[in-house]
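Read through the structure below, which is laid out as structure tokens, and then see the notes.
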Amino acid sequence: MRTIMPRKFRGRLCPVWYCVLFFIVWIFFSWVFFYTGEGATGDDNLESWFVDKEFPEGFHWGVATAAYQIEGAWNKDGKKESIWDEFAHRRPSPIKDGSTGDDACMSYDFYKSDVKILQQLGVRVYRFSISWSRVLPDGTTNSVNEQGVLYYRNLIEQLLSNGIEPMVTLYHWDLPLALQKKGGWLSKDSAKWFEDYSRFCFDTFGPKVKLWVTLNEPWVVSVIGFEKGDHAPGVKDPGVSPYIVAHHLLLAHAKAYRIYQQHYRKLQKGLVGIALNTDNFKAASGSKRDVVDRAFQFHLGWFAHPIFSKEGNYPGIMMDRIAMNSAMQGYNYSRLPSFNLDEIQFIKGSADFLGLNSYGTTLVSDDPDTVKRGPSYTNDSKVIKQANPYWETTPMGWQFYPDALKEILAWIRDEYNNPPVYVTETGFPDDKTMLEDRARINFLEESIRNVWEAIQYGSAVRGFIVWSLMDNFEWAMGYSVRFGLYEVDFNDPKRTRTPRMSAYFYQNVTQKNALSGV
């Protein structure tokens, strides 16, 4: 066969052809490396990229919001203040842009419009939270607000009539201010307050709700609210209050679960879980693998180990390190409270599923000297967190690593004997208003691929829920970052919602129950 190369190059390759050949080979192997990822099996993984990644029948695709972040109507129709109402109203403002959630997305008024866009997305599940102070203004059943109850009843009815299952979060950070004045989560009575509130919600909404989340991200409540003070109630008491609050939150969760298990499950036939947040952790260059496990245990294990492990109680590494540090710092007791044997058994097994919230990956290394710096959760963990200059960094400071979710799900599967998991939150923040949100699409595509691969490896993942349905009040960041599949015009009295490109991408996934191959 005759060559197509010019005559003068026959029998040899010129430098230009070498460059072209090298470039083609380099592109191919770079593509293979990027898409197969660490620990991939090679050909099977590569081949899977060319076919639709189908999810199990009945897989729960959804989106999430939270009451304070979207509802507005902060003092309307009998609602009283929560700790976030009080915190956002402080001056000088603790919020980055000085904003509040007073009006937010006005979902209290426009919830029917929200259900319409949920229907357009084709999701099976809508995860939202109940504002405790909207239904029980003083935090107790002595003060039921019927107008607040009616709002949630109407929302639930609207969802069900459109074929969308409500996943209801009982506590997404907005404790009634009346209870904060009694000590809040630092009070020993807080678990009983939450038990009574949970019982009220199960009685009131339980016949039509089959998926419950007791607490959202108790790690954030404990550390960001009581160690760093960047979230309500704004307490800065490093190494002491966070552990007390976490202790009470775990007891509160277990009380709610046991109440449902004993009095409601047989009739209502629902499931009760807890939503825990964690970064994905990877060892920094030169660090040993054990620092990764310690980071996971101090973050996710702090709340997951008492509930999902075979032995219950806090992770051993936490109990040992905090007791040792406390003694060296002059305490005659561990700053980490202890559960008695009955409480360990009471909390162990108190969840039907683990809700996983995750947004980024962090490099970790060993901190050589923490005790001398005094009590703090960070010092107790003996972990230094750092960024990778080669990973994409979001406006929230979180870093995007392609295989993050898959690695977290593998850790959960191996550590806790493969419990049922819902990815109850993941998403991508922008700091600009834009409809062509290609970075968010890329993040979601990678995250969904991670979940699909985790299922192939045996993880019991039941659903994938995106944060968030629409732009909203993002806590200490205010409105300076946007997570929404739908853009919200906060200058419009009607808070017009406009679909972004990511909404159409996600709609395609939910309709196919699959991620399209490339």
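The values are calculated or read from the model by the stated rules, or taken from the named source; none is laboratory data. Bear in mind the structure is a predicted one, so any value in this text is a computation, not a measurement. Because the Cβ atoms are built from the backbone with ideal geometry, glycine has one as well, and the counts that use them run over all protein chains shown. Heads up: the accessible areas ignore ligands, DNA and RNA and are worked out on the full protein's heavy atoms, side chains in. Shrake-Rupley method; radii C 1.70, N 1.55, O 1.52, S 1.80 Å.
What the table shows:
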{"item": "Difference of contour (0.36 nm per residue) and Cα-Cα distance, Gln386 to Lys269", "result": "37.7 nm"}
{"item": "With Cα atoms, 0 to 90° folded angle of helix 146-161 axis to the chain main axis", "result": "30"}
{"item": "The chain - mean residue ellipticity at 222 nm from DSSP helices (-39,500 (n - 2.57) per run, n ≥ 4, rounded to 500)", "result": "-12000 deg cm²/dmol"}
{"item": "For the chain, average projected area of the Cα convex hull in nm²", "result": "28.9"}
{"item": "With every protein chain in place, the chain: carbon and sulfur % of accessible area (1.4 Å)", "result": "54"}
{"item": "If the convex hull is drawn through the Cα atoms of segment 234-285, its volume per residue in Å³", "result": "141"}
{"item": "Full-stretch length increase - Met319, Asp290 - with 0.36 nm per residue and alpha-carbon distance subtracted", "result": "8.8 nm"}
{"item": "Cα-based Lys proximity count in segment 96-247, under 19 Å, for pairs eight or more positions apart or on separate chains", "result": "8"}
{"item": "Ser338-Asp414 FRET efficiency (beta carbon distance; Förster radius 30 Å; 0.05 resolution)", "result": "0.65"}
{"item": "Shape category assigned to segment 368-518 from the gyration tensor of Cα positions, a/c cut at 1.5", "result": "oblate"}
{"item": "Linear extension gain, Asp203 paired with Leu435, 0.36 nm per residue minus alpha-carbon span", "result": "79.4 nm"}
{"item": "Heavy-atom accessible area per residue - the chain, 1.4 Å, Å²", "result": "42"}
{"item": "Partners for Lys53 among aspartates and glutamates (Cα-Cα distance below 14 Å; same-chain residues under 8 apart left out)", "result": "Asp44, Glu445, Glu446, Glu453"}
{"item": "Which of Leu485, Gly273, Ala254, positive extreme of dipole for the chain (C-beta unit charges)", "result": "Leu485"}
{"item": "Those aspartates and glutamates that a straight Cα-Cα span of less than 14 Å connects to Lys382, excepting residues fewer than 8 apart in one chain", "result": "Asp290, Asp293, Asp320, Asp366, Asp367, Asp369"}
{"item": "Asn75/Asn508 FRET efficiency (R0 30 Å; Cβ-Cβ; nearest 0.05)", "result": "0.15"}
